[in-house]
Every structure is written in C-alpha cells, then in structure tokens.
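Take a look at the structure set out below.
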Amino acid sequence: MITIKNHQGEYLFRVAGVLRIGDKILFQRNKNGDAWVLPGGKAEINEPTEKTIVREFMEEVGFQVEVQRLIAIIENFNAYGYEALHEFGMYYEVSLLGQLPHDLIQFEGIEETVRLTFRWISVYEIKQMKVFPKALNQYLSDIPMDFKHLVNSDD
C-alpha cells in the first residue's frame, strides 16, 4: 500500500470508483465512521491504478467491474477531517459486469480485515450526506464528460 508517514503528516495514494446504477451511486463507510466515501483503497506498488480499482471492488464487495474512464484526480488536504492527512486520489467511472448481487439499499462488505458498510445513495441525496472528499458533493450530482483535476480540503 502506498502510504508515507513522517513528522509533517501522512500522505496516501488512493484509487476509487464511481459505480452508478440508475440515479444511485455506491458508497462505503467504516463500521465506526459517520461519513461516506466511494469504494476503493490504497494502490499497491507496481500496480496500475485501473487494476487497483478492479481488485478493490472484488475484495470488498465481490463485484466484478470494468473501468470505463478516469474522471478525476483529487488532491485532498486534511482528508476526512484529519489534520495533516494528504490524500492523492484517482477516481474512475466503472461499470458492473454481470448481475447486481445486492438490492439498491444497504449491505455489508465481504472483506474480513476491514468491516465496511455499503449503501446506494441517490445523486439527489449526496449533497445532504456527509461525503468525503467534500468536493464530491457537487461533482457527483452531474459528472462532466471531461476529466477534472480538483484540489480540496476536508477541514
């Protein structure tokens, strides 16, 4: 996993996917958390980011996805409200291969090491939810066709 820690803080490299079915987008949160993030995780060294997001979806929810396109890079400072946590995130639009194995509400992830809750959130609800990075609140309600580079602070 690509994470660097020193006396100045922590830097992590995360890859996330936007899986949309109708007007709903899949989000995840930690069992103890109160904020929602897009499914994904830390990239491995020497792993292409497109493979990272495919691997993360399979490990966390058992969904086989296909990468459609890179839609955004977000440089996120004070990520998730934590001072001195700097996250560099690559965000891909992905599509589901095969049948949807869960209904469009809420369910538990399958990964044993990290207990995650997954929820389908309507694009109309996103602005009322606690979503990180905060830049996603506006961005996901109408994803542009062109690639975006966003700089965000979650403080």
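Values in this text are rule-based calculations from the coordinates and carry no lab data. Everything numeric in this text was worked out from a predicted model, so none of it was measured. Quick reminder, even Gly has a Cβ in these numbers, built from the backbone with ideal geometry, and neighbours come from all protein chains shown.
For the chain, set up a GNM with springs between Cα atoms under 10 Å and report which of 16, 84, 43 has the largest fluctuation.
So, out of 16, 84, 43, the one fluctuating most is 84.
Quick check: the angle from helix 49-61's long axis to the longest principal axis of the chain, C-alpha only, nearest 10 degrees?
For helix 49-61, the angle is close to 60 degrees.
Add -39500 (n - 2.57) for each DSSP H run of 4 or more in the chain, then divide by its residues: what number comes out at 222 nm, to the nearest 500 deg cm²/dmol?
Roughly -3000 deg cm²/dmol at 222 nm, from the helical runs in the chain.
Work out how far the C-alpha atoms of the chain reach from end to end along every principal axis, then list the three figures in whole Å, largest first.
So the three principal-axis extents are 46, 33, 31 Å.
What percent does the relative contact order of the chain come to when contacts are Cα pairs within less than 8 Å and at least six residues apart?
29 percent.
Out of residues 5 or more away from residue 92 or on other chains, whose amide H comes under 5 Å of its own, with H placed 1.01 Å from N in the peptide plane?
HN-HN under 5 Å from residue 92: 16, 17, 18, 71.
Specify the inter-centroid distance of region 110-155 and region 3-55, based on alpha-carbon positions, in whole Å.
Going from one Cα centre to the other spans 11 Å.
Rounded to whole Hz and in sequence order, give me ³J(HN,Hα) for region 2-13 from the Karplus expression 6.51 cos²θ - 1.76 cosθ + 1.60, θ = phi - 60°, writing x for Gly and Pro.
For region 2-13, the Karplus-derived couplings read 8, 9, 10, 10, 8, 5, 8, x, 10, 10, 9, 10 Hz, x marking Gly and Pro.
Please give me, ordered by residue number, the GluC sites (Glu not before Pro) of region 58-98 that lie in loop per DSSP and have at most 11 other Cβ atoms within 10 Å.
Here the sparse-neighbourhood loop sites are 83.
Give me the number: length gained by fully extending residue 47 to residue 23, i.e. 0.36 nm times residue separation minus the C-alpha to C-alpha distance, one decimal in nm.
5.5 nm
Give me the percent of DSSP beta bridges within the chain that run antiparallel, rounded to the nearest 5.
Of the beta bridges lying entirely in the chain, close to 65 percent run antiparallel.
Report the paramagnetic label zone for residue 77: residues of region 6-28 whose backbone N is under 18 Å from a point 7 Å from Cα along the Cα-to-Cβ axis.
Within reach of a label on residue 77: 6-13.
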